[in-house]
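The values are calculated or read from the model by the stated rules, or taken from the named source; none is laboratory data. As the structure is a prediction and not an experimental result, all values here were calculated from the model. Every residue, glycine among them, receives a Cβ derived from its backbone with ideal geometry; neighbour counts consider all protein chains shown. Accessible surface is based on the protein model in full, side chains and every heavy atom, while ligands, DNA and RNA are left aside. Shrake-Rupley method; radii C 1.70, N 1.55, O 1.52, S 1.80 Å.
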Amino acid sequence: MTETTYGTGVVVAWMAAVAAAVEREAGRLTDLDAAIGDADHGANLRRGFAAVAGTLAKEPPATPGAVLVTAGRELISTVGGASGPLYGTLLRRAGKALGDAGEVTRDDLADALAAGVAAVGQLGGAVPGDKTMLDALTPAVAALRESFAAARAAAEEGAVATVPLRARKGRASYLGERSVGHQDPGATSSALLFAALAEVTDG
């Protein structure tokens, strides 16, 4: 049986779906961030992914990898706070890992996103369990080798699992014990990334 491959159009659609999801959930992301951060996560990501979708719609890059590199670059240049560099690094590193291939498999995406997640960990100095986006990204990438639907579920479970954690990185870490009991906004937005991926690939 031939493994399904995904071309540039699917990756462009993925970024558009992320932009739509962030637009829809921006208020919730900001509310979560208001509890343990700067209350700007939703607004920042909405601006960034709207810029990504606009750029890709005007002139889609030629390969899936180039789409992600372009998206990452756009996020770094348009998003303030920590989320721009972190999401930008995730997508740029994943795009570079995909290289110049015109079509990619789910395993290719999993490998590329694993490289992106590793780069995010290095940039932020965080590990799973620190109550950051890595708590959703890490299990999602592992589950992506099984299916897109499994990755979506793992990301959502990872985000919810941040509620009882004490933050050890980022702005939330300044709150100490007061960070316990709140869902991490970065992990929550990371779950949107994988929900959008499952949406455009039909799970």
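In straight-distance terms, cross-link reach from residue 169 covers every one of the lysines whose alpha-carbon lies under 21 Å from its own, apart from those fewer than eight places away in the same chain; here that gives 131.
What you get for the stretch 29-147, charging only the Cβ of Lys and Arg (+1) and of Asp and Glu (-1), is a dipole of about 240 debye around the Cα centre. Looking at the stretch 14-68, what % of the alpha carbon pairs are farther apart than 18 Å? More than 18 Å apart: 38 percent of the Cα pairs in the stretch 14-68. Ligands, DNA and RNA are left out, and with a 1.4 angstrom probe the accessible area of the stretch 5-52 is 38 Å² per residue. Binning the C-alpha pair distances of the chain at 10 Å intervals from 0 yields a P(r) profile of 10, 39, 38, 11, 2, 0 %, listed from the shortest bin outward. Residue 70 sits among other residues whose Cβ lies under 10 Å from its own Cβ, and their net charge, with Lys and Arg +1 and Asp and Glu -1, is 0. Considering all C-alpha pairs of the stretch 48-142, those separated by over 23 Å amount to 22%.
With every protein chain in place and a 1.4 angstrom probe, the accessible-area ranking of 76, 36, largest first, reads 76, 36. The fraction of accessible area contributed by carbon and sulfur in the chain is 53 percent, rounded to a whole number (1.4 Å probe; ligands and nucleic acids excluded).
For the chain, the longest principal axis of the Cα atoms and the long axis of helix 41-58 meet at an angle of about 10 degrees. Accessible surface area normalised per residue over the stretch 97-177 is 45 Å², counting heavy atoms of protein chains with a 1.4 Å rolling probe. Every helix of 4 or more DSSP H residues in the chain counts as -39500 (n - 2.57), and over all residues that averages to -22500 deg cm²/dmol at 222 nm. Where does helix 148-160 land angle-wise versus the long Cα axis of the chain, in degrees 0 to 90, nearest 10? Helix 148-160 sits at roughly 10 degrees to that axis.
Taking all protein chains together, 96, 169, 131, 58 sort by accessible area into 58, 96, 169, 131, largest first [probe 1.4 Å]. Percent of Cα-Cα pairs more than 20 Å apart in the stretch 89-157, please. Of all Cα-Cα distances in the stretch 89-157, 26 percent exceed 20 Å. Note on residue 177: accessible area is roughly 120 Å² with a 1.4 Å probe, heavy atoms of protein only. Here the contact order of the chain, divided by its residue count and restricted to Cα pairs under 8 Å and six or more residues apart, works out to 22 percent. Give me the angle, in degrees from 0 to 90, between the Cα long axis of helix 185-200 and the longest principal axis of the Cα atoms of the chain, rounded to the nearest 10. Result, in degrees: 20.
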